[in-house]
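Peer 1: Have a look at this one.
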Amino acid sequence: MAAPVRRVLLRPLRRILTQIPGSGVASSGCRQLSVGLRVPAVQKPNDAVLESPSPWRLLGAVFVQRLAVISRDRSSIEKDFAELLKQTELERSLLADHELRLLEDAERVSRKQEEDYDSDEDSGQDIVTAQDLEDTWDQKLRQFKPAQRLTEADKKADRTCLERCLEDSLVLLVKEKIGSEDVWLLPQVQWENGETLRETAERALTTLTGNSIKATFLGNAPCGVYKYKFPKDVRTESCVGAKVFFFKALLGSGDLAPNKKGGHVWVSKTELQDYLKPQYLEQVGRFMVDL
(Lines give C-alpha, C1' and ligand atoms only; values in the text may rest on other atoms or scores of the structure.)
Protein backbone atom coordinates (compact mmCIF):
# COMPACT_ATOMS: atom_id res chain seq x y z
CA MET A 1 0.00 0.00 0.00
CA ALA A 2 2.92 2.31 0.74
CA ALA A 3 4.46 1.93 -2.75
CA PRO A 4 1.39 3.16 -4.76
CA VAL A 5 0.97 6.13 -2.40
CA ARG A 6 4.64 7.12 -2.88
CA ARG A 7 4.32 6.94 -6.69
CA VAL A 8 1.24 9.12 -6.57
CA LEU A 9 3.01 11.75 -4.42
CA LEU A 10 6.15 11.79 -6.59
CA ARG A 11 4.32 11.92 -9.94
CA PRO A 12 3.88 15.77 -10.02
CA LEU A 13 7.53 16.30 -9.09
CA ARG A 14 8.67 13.92 -11.83
CA ARG A 15 6.60 15.77 -14.43
CA ILE A 16 8.18 19.10 -13.46
CA LEU A 17 11.73 17.73 -13.59
CA THR A 18 11.22 16.12 -16.99
CA GLN A 19 10.35 19.52 -18.44
CA ILE A 20 13.58 21.13 -17.20
CA PRO A 21 16.41 20.64 -19.73
CA GLY A 22 19.63 19.24 -18.33
CA SER A 23 18.00 17.99 -15.15
CA GLY A 24 19.13 14.46 -15.96
CA VAL A 25 15.71 13.00 -15.11
CA ALA A 26 14.16 10.78 -17.76
CA SER A 27 10.46 10.38 -18.16
CA SER A 28 10.68 6.77 -17.03
CA GLY A 29 11.65 7.65 -13.48
CA CYS A 30 13.71 9.77 -11.09
CA ARG A 31 17.47 9.42 -10.65
CA GLN A 32 18.55 8.59 -7.14
CA LEU A 33 20.49 11.43 -5.55
CA SER A 34 23.64 10.62 -3.63
CA VAL A 35 24.16 12.44 -0.33
CA GLY A 36 27.65 11.08 0.35
CA LEU A 37 30.48 13.58 0.92
CA ARG A 38 33.61 13.26 -1.10
CA VAL A 39 36.63 13.19 1.20
CA PRO A 40 39.81 14.42 -0.44
CA ALA A 41 42.67 11.97 -0.35
CA VAL A 42 45.35 12.80 2.19
CA GLN A 43 48.70 13.13 0.57
CA LYS A 44 51.57 11.47 2.35
CA PRO A 45 54.43 13.79 3.17
CA ASN A 46 57.52 13.43 1.18
CA ASP A 47 60.25 11.41 2.85
CA ALA A 48 62.72 14.16 2.05
CA VAL A 49 60.60 16.62 4.01
CA LEU A 50 60.47 14.31 7.05
CA GLU A 51 64.20 13.73 7.05
CA SER A 52 65.17 17.38 6.58
CA PRO A 53 66.82 18.67 9.81
CA SER A 54 65.41 21.70 11.60
CA PRO A 55 67.52 24.86 11.42
CA TRP A 56 66.81 25.42 15.15
CA ARG A 57 68.73 23.72 17.92
CA LEU A 58 66.68 22.43 20.86
CA LEU A 59 68.09 23.25 24.30
CA GLY A 60 67.00 22.41 27.82
CA ALA A 61 67.63 24.98 30.57
CA VAL A 62 67.11 24.80 34.32
CA PHE A 63 65.87 27.65 36.52
CA VAL A 64 67.44 26.82 39.90
CA GLN A 65 65.95 28.93 42.67
CA ARG A 66 67.15 29.19 46.26
CA LEU A 67 64.24 30.19 48.46
CA ALA A 68 64.50 32.90 51.10
CA VAL A 69 66.21 31.78 54.31
CA ILE A 70 64.81 34.44 56.67
CA SER A 71 61.70 36.59 56.63
CA ARG A 72 61.83 40.16 55.43
CA ASP A 73 61.61 43.16 57.70
CA ARG A 74 58.07 44.30 58.33
CA SER A 75 56.84 47.49 56.82
CA SER A 76 55.23 50.20 58.97
CA ILE A 77 51.75 49.03 57.99
CA GLU A 78 52.58 45.42 58.86
CA LYS A 79 53.96 46.47 62.24
CA ASP A 80 50.85 48.49 63.07
CA PHE A 81 48.56 45.64 62.02
CA ALA A 82 50.54 43.10 64.05
CA GLU A 83 50.32 45.34 67.11
CA LEU A 84 46.57 45.69 66.62
CA LEU A 85 46.13 41.90 66.41
CA LYS A 86 48.26 41.45 69.53
CA GLN A 87 46.19 43.92 71.50
CA THR A 88 42.91 42.37 70.29
CA GLU A 89 44.05 38.89 71.24
CA LEU A 90 45.19 40.10 74.66
CA GLU A 91 41.82 41.69 75.39
CA ARG A 92 39.75 38.68 74.29
CA SER A 93 41.95 35.83 75.54
CA LEU A 94 41.75 33.96 78.85
CA LEU A 95 44.53 33.88 81.40
CA ALA A 96 47.35 31.43 80.70
CA ASP A 97 48.63 28.91 83.25
CA HIS A 98 51.63 31.09 83.99
CA GLU A 99 49.42 34.13 84.59
CA LEU A 100 47.22 32.12 86.93
CA ARG A 101 50.32 31.03 88.82
CA LEU A 102 51.38 34.67 89.23
CA LEU A 103 48.01 35.42 90.81
CA GLU A 104 48.34 32.46 93.18
CA ASP A 105 51.83 33.58 94.22
CA ALA A 106 50.58 37.11 94.86
CA GLU A 107 47.72 35.72 96.97
CA ARG A 108 50.13 33.55 98.96
CA VAL A 109 52.39 36.53 99.68
CA SER A 110 49.42 38.56 100.89
CA ARG A 111 48.37 35.78 103.27
CA LYS A 112 51.85 35.67 104.76
CA GLN A 113 51.49 39.30 105.74
CA GLU A 114 48.31 38.62 107.73
CA GLU A 115 48.48 38.18 111.51
CA ASP A 116 46.64 34.86 111.57
CA TYR A 117 48.88 33.28 108.94
CA ASP A 118 49.78 29.65 109.60
CA SER A 119 53.36 28.86 108.59
CA ASP A 120 52.53 25.14 108.27
CA GLU A 121 50.87 25.86 104.92
CA ASP A 122 54.29 26.09 103.23
CA SER A 123 55.25 22.58 104.48
CA GLY A 124 58.83 23.75 104.95
CA GLN A 125 59.80 23.48 101.23
CA ASP A 126 61.42 26.12 99.08
CA ILE A 127 58.88 27.42 96.59
CA VAL A 128 59.97 28.61 93.13
CA THR A 129 57.53 31.33 92.23
CA ALA A 130 56.44 32.31 88.76
CA GLN A 131 58.32 35.56 89.16
CA ASP A 132 61.53 33.62 89.79
CA LEU A 133 60.98 31.80 86.50
CA GLU A 134 60.47 35.08 84.66
CA ASP A 135 63.72 36.44 86.06
CA THR A 136 65.56 33.31 84.86
CA TRP A 137 64.05 33.62 81.42
CA ASP A 138 65.02 37.29 81.23
CA GLN A 139 68.65 36.42 81.98
CA LYS A 140 68.72 33.81 79.20
CA LEU A 141 67.16 36.32 76.82
CA ARG A 142 69.90 38.87 77.53
CA GLN A 143 72.53 36.24 76.70
CA PHE A 144 70.91 35.42 73.36
CA LYS A 145 72.50 37.11 70.36
CA PRO A 146 70.61 36.82 67.06
CA ALA A 147 72.56 36.18 63.87
CA GLN A 148 73.31 39.07 61.57
CA ARG A 149 70.94 39.57 58.67
CA LEU A 150 73.86 40.78 56.56
CA THR A 151 76.48 38.13 55.86
CA GLU A 152 80.12 38.54 54.84
CA ALA A 153 79.12 37.92 51.23
CA ASP A 154 76.69 40.85 51.45
CA LYS A 155 79.37 43.13 52.82
CA LYS A 156 81.85 42.08 50.12
CA ALA A 157 79.18 42.13 47.38
CA ASP A 158 80.24 38.60 46.42
CA ARG A 159 77.51 37.37 44.10
CA THR A 160 79.20 34.03 43.51
CA CYS A 161 78.43 33.04 47.11
CA LEU A 162 75.13 31.43 47.95
CA GLU A 163 75.08 32.84 51.50
CA ARG A 164 73.83 36.30 50.58
CA CYS A 165 70.51 38.15 50.36
CA LEU A 166 69.00 35.77 52.89
CA GLU A 167 65.61 37.47 52.76
CA ASP A 168 65.31 37.13 48.96
CA SER A 169 65.16 34.25 46.51
CA LEU A 170 68.27 33.74 44.40
CA VAL A 171 68.65 32.35 40.87
CA LEU A 172 71.70 30.63 39.40
CA LEU A 173 73.23 32.15 36.24
CA VAL A 174 76.25 30.88 34.33
CA LYS A 175 78.45 32.53 31.74
CA GLU A 176 78.60 30.85 28.33
CA LYS A 177 80.41 31.75 25.15
CA ILE A 178 78.15 32.17 22.11
CA GLY A 179 80.25 32.99 19.09
CA SER A 180 82.81 35.51 20.26
CA GLU A 181 80.58 36.95 22.98
CA ASP A 182 80.28 35.97 26.66
CA VAL A 183 76.62 35.82 27.63
CA TRP A 184 74.97 35.23 31.00
CA LEU A 185 72.27 32.56 30.80
CA LEU A 186 70.49 29.95 32.84
CA PRO A 187 72.37 26.61 32.79
CA GLN A 188 71.53 24.91 29.48
CA VAL A 189 72.70 22.11 27.17
CA GLN A 190 71.64 20.85 23.77
CA TRP A 191 68.97 18.18 23.51
CA GLU A 192 70.11 14.71 22.44
CA ASN A 193 68.15 11.95 20.74
CA GLY A 194 66.49 9.51 23.09
CA GLU A 195 66.03 11.83 26.07
CA THR A 196 63.16 14.02 27.23
CA LEU A 197 63.49 17.76 27.61
CA ARG A 198 63.41 17.40 31.38
CA GLU A 199 66.31 14.94 31.22
CA THR A 200 68.15 17.52 29.13
CA ALA A 201 67.54 20.16 31.82
CA GLU A 202 68.72 17.78 34.53
CA ARG A 203 71.88 17.11 32.53
CA ALA A 204 72.43 20.86 32.21
CA LEU A 205 72.62 21.04 36.00
CA THR A 206 74.70 17.93 36.65
CA THR A 207 77.35 18.76 34.05
CA LEU A 208 78.33 22.08 35.64
CA THR A 209 81.94 22.23 36.79
CA GLY A 210 82.39 21.75 40.52
CA ASN A 211 78.73 21.01 41.02
CA SER A 212 77.42 19.56 44.29
CA ILE A 213 73.88 20.90 43.89
CA LYS A 214 70.87 18.76 44.72
CA ALA A 215 67.65 20.24 43.38
CA THR A 216 64.02 19.17 43.06
CA PHE A 217 62.47 19.65 39.63
CA LEU A 218 58.89 20.91 39.54
CA GLY A 219 57.05 18.90 36.88
CA ASN A 220 57.84 17.32 33.54
CA ALA A 221 56.54 20.14 31.33
CA PRO A 222 58.57 23.27 30.60
CA CYS A 223 57.50 26.49 32.30
CA GLY A 224 58.67 28.71 29.44
CA VAL A 225 60.37 28.84 26.07
CA TYR A 226 62.69 31.32 24.39
CA LYS A 227 63.86 31.47 20.78
CA TYR A 228 66.89 33.43 19.63
CA LYS A 229 69.19 33.63 16.64
CA PHE A 230 72.91 33.04 16.77
CA PRO A 231 75.34 35.86 15.95
CA LYS A 232 75.91 36.36 12.24
CA ASP A 233 79.50 35.10 12.39
CA VAL A 234 78.34 31.62 13.50
CA ARG A 235 74.90 31.50 11.88
CA THR A 236 74.43 29.15 8.91
CA GLU A 237 71.50 28.04 6.76
CA SER A 238 71.34 24.70 8.57
CA CYS A 239 71.73 26.28 12.03
CA VAL A 240 69.91 29.59 12.43
CA GLY A 241 69.41 29.73 16.18
CA ALA A 242 68.14 27.90 19.24
CA LYS A 243 64.89 27.21 21.06
CA VAL A 244 65.37 27.02 24.82
CA PHE A 245 62.86 25.20 27.03
CA PHE A 246 62.99 26.21 30.71
CA PHE A 247 62.35 23.89 33.67
CA LYS A 248 61.96 25.01 37.28
CA ALA A 249 63.88 23.47 40.17
CA LEU A 250 64.21 24.31 43.87
CA LEU A 251 67.62 24.15 45.49
CA GLY A 252 67.89 21.51 48.19
CA SER A 253 71.57 21.61 49.15
CA GLY A 254 75.03 22.13 47.73
CA ASP A 255 76.66 24.85 45.68
CA LEU A 256 79.07 25.40 42.82
CA ALA A 257 82.77 25.51 43.52
CA PRO A 258 84.23 29.03 43.31
CA ASN A 259 85.75 29.86 39.96
CA LYS A 260 88.49 32.41 39.43
CA LYS A 261 86.93 33.41 36.12
CA GLY A 262 83.59 34.15 37.78
CA GLY A 263 81.66 31.64 35.72
CA HIS A 264 78.52 31.72 37.86
CA VAL A 265 76.50 34.07 40.09
CA TRP A 266 73.56 33.82 42.46
CA VAL A 267 71.35 36.87 41.91
CA SER A 268 67.99 38.13 43.12
CA LYS A 269 65.06 39.11 40.94
CA THR A 270 66.05 42.78 40.88
CA GLU A 271 69.66 41.90 39.96
CA LEU A 272 68.77 39.84 36.90
CA GLN A 273 68.67 42.94 34.72
CA ASP A 274 72.39 43.45 35.38
CA TYR A 275 73.20 40.17 33.57
CA LEU A 276 70.44 39.03 31.23
CA LYS A 277 69.55 40.63 27.93
CA PRO A 278 66.16 42.39 27.79
CA GLN A 279 64.38 39.83 25.60
CA TYR A 280 65.78 36.90 27.56
CA LEU A 281 64.90 38.63 30.83
CA GLU A 282 61.34 39.18 29.65
CA GLN A 283 60.82 35.46 29.06
CA VAL A 284 62.37 34.52 32.41
CA GLY A 285 60.28 37.11 34.24
CA ARG A 286 57.07 35.49 33.03
CA PHE A 287 57.53 32.37 35.16
CA MET A 288 59.72 33.67 37.99
CA VAL A 289 57.84 33.92 41.28
CA ASP A 290 59.65 35.55 44.20
CA LEU A 291 58.67 33.15 46.99
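The values are calculated or read from the model by the stated rules, or taken from the named source; none is laboratory data. Since this is a predicted model, take the numbers as computed values, not measurements. Don't worry about glycine lacking a Cβ; one is built from the backbone with ideal geometry, like all the others, and counts go over all protein chains shown. Ligands, DNA and RNA are excluded from the accessible area calculation, which covers all protein heavy atoms including side chains. Shrake-Rupley method; radii C 1.70, N 1.55, O 1.52, S 1.80 Å.
Peer 1: Which residues among segment 206-240 fall inside the zone where the amide N is under 14 Å from a point 7 Å beyond the Cα of Ile178, along Cα→Cβ?
Peer 2: Within reach of a label on Ile178, which here means backbone N under 14 Å from a point 7 Å along Cα→Cβ, segment 206-240 contributes 225-236, 240.
Peer 1: Give a residue-ordered list of calculated ³J(HN,Hα) values for segment 69-78 (Karplus: 6.51 cos²θ - 1.76 cosθ + 1.60, θ = phi - 60°; whole Hz; x for Gly, Pro).
Peer 2: 8, 10, 7, 7, 5, 6, 7, 5, 5, 5
Peer 1: Report the charge-dipole magnitude of segment 53-189 in Debye, nearest 20, computed about the Cα centre from +1 at each Lys and Arg Cβ and -1 at each Asp and Glu Cβ.
Peer 2: Roughly 2100 debye for segment 53-189.
Peer 1: What does the charge count near Pro222 come to, summing +1 for each Lys or Arg and -1 for each Asp or Glu among other residues with Cβ under 11 Å from its Cβ?
Peer 2: +3
Peer 1: Then there's this: So, for segment 178-291, what is the accessible surface per residue at a probe of 1.4 Å, expressed in square angstrom?
Peer 2: Working: 6610 Å² over 114 residues.
Accessible surface, normalised per residue, equals 58 Å².
Peer 1: Continuing with the same structure: Note the direction-averaged projected area, equal to a quarter of the hull surface, for the Cα convex hull of segment 78-233, in nm².
Peer 2: 20.7 nm²
Peer 1: Past the 25 Å Cα-Cα mark, which pairs from Lys232/Lys269; Lys155/Lys248; Lys175/Lys248; Lys86/Lys112; Lys155/Lys177; Lys177/Lys269?
Peer 2: Correct reply: Lys232/Lys269; Lys155/Lys248; Lys86/Lys112; Lys155/Lys177.
Peer 1: Once you sort the root eigenvalues of the Cα gyration tensor of segment 141-291 as a ≥ b ≥ c, which label holds: rounded (a/c under 1.5), prolate (a/b larger than b/c) or oblate (the other case)?
Peer 2: Prolate is the answer for segment 141-291, as a/c is 1.5 or above and a/b outweighs b/c.
Peer 1: Just add up the charged neighbours of Glu78: K/R +1, D/E -1, any other residue whose Cβ is under 13 Å from the Cβ of Glu78.
Peer 2: Surrounding charge for Glu78 is +1.
Peer 1: Under 8 Å for C-alpha pairs, at least 6 residues apart: give me the relative contact order for segment 145-291, rounded to a whole percent.
Peer 2: Relative contact order, segment 145-291: 29 percent.
Peer 1: At q = 0.26 Å⁻¹, work out log10 I(q)/I(0) for segment 127-177 with the Debye formula, treating every Cα as an identical point scatterer and leaving solvent out; two decimals please.
Peer 2: For segment 127-177 at q = 0.26 Å⁻¹, log10 I(q)/I(0) is -0.99.
Peer 1: Let me ask something additional. Quick one: how many Å² of Val189 are accessible to a 1.4 Å probe, rounded to 10?
Peer 2: Solvent-accessible area, nearest 10 Å²: 30 Å².
Peer 1: Nearest 20 debye, what's the magnitude of the dipole of segment 168-291 about its Cα centre given +1 on Lys and Arg Cβ and -1 on Asp and Glu Cβ?
Peer 2: 160 debye
Peer 1: While we're here: Leaving out ligands, DNA and RNA, what percent of the accessible area of segment 220-266 is carbon and sulfur, probe 1.4 Å?
Peer 2: 54 percent
Peer 1: Leaving ligands, DNA and RNA out of it, work out the accessible area of Glu181 with a 1.4 Å probe and give it in Å² to the nearest 10.
Peer 2: Around 80 Å² of this residue is reachable by solvent.
Peer 1: Right, next: With a sphere of radius 11 Å drawn around the Cβ of Gln65, what net charge do the other residues whose Cβ falls strictly inside it have (Lys, Arg +1; Asp, Glu -1)?
Peer 2: Net charge around Gln65: +1.
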